[in-house]
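Computed from the coordinates by the stated procedures, all read-outs in this text should not be read as laboratory data. Computed from a prediction, not measured in an experiment: that's the story for all the values here. Cβ atoms come from the backbone with ideal geometry, glycine included; neighbour counts cover every protein chain shown.
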Amino acid sequence: QVSPALRTPRLPVWLCSLPGRLGVLFGTDSRLLSHWEAERVFHLYFYSGQQEQTRTARLRIDTHSHHWEDTPSEDPCSPGKRCLALKMAIRTKWAGATISWDGTDPFF
């Protein structure tokens, strides 16, 4: 029998399969599961275990900004350009959100 804590996580966790590689996207704020107000600006962490990743990436998500308002150098997801698969996956939950790698070089 599965414990209730395993069926209903206390922290937001997503398992990601992006271009054939696995990773874990997670948050440390439990309010993301129950309070929509917490979804304004928050941080998510991504870990893939890949050799090119030297530390857990900290991503800043802003759901009230829009990625098309950024300068082209900050977000290459404009028409005609390729977008990082991780950003596309995050935008399936928070459409149009601005995603910043907070100083980490995008590797995924």
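Which length gain, in nm to one decimal place, applies between HIS43 and ASP29 when the Cα-Cα distance is subtracted from 0.36 nm times their residue separation?
Between HIS43 and ASP29, full extension yields an extra 4.2 nm.
Using a Förster radius of 30 Å, what is the FRET efficiency between MET88 and SER3 based on their Cβ-Cβ separation? Nearest 0.05, please.
0.35
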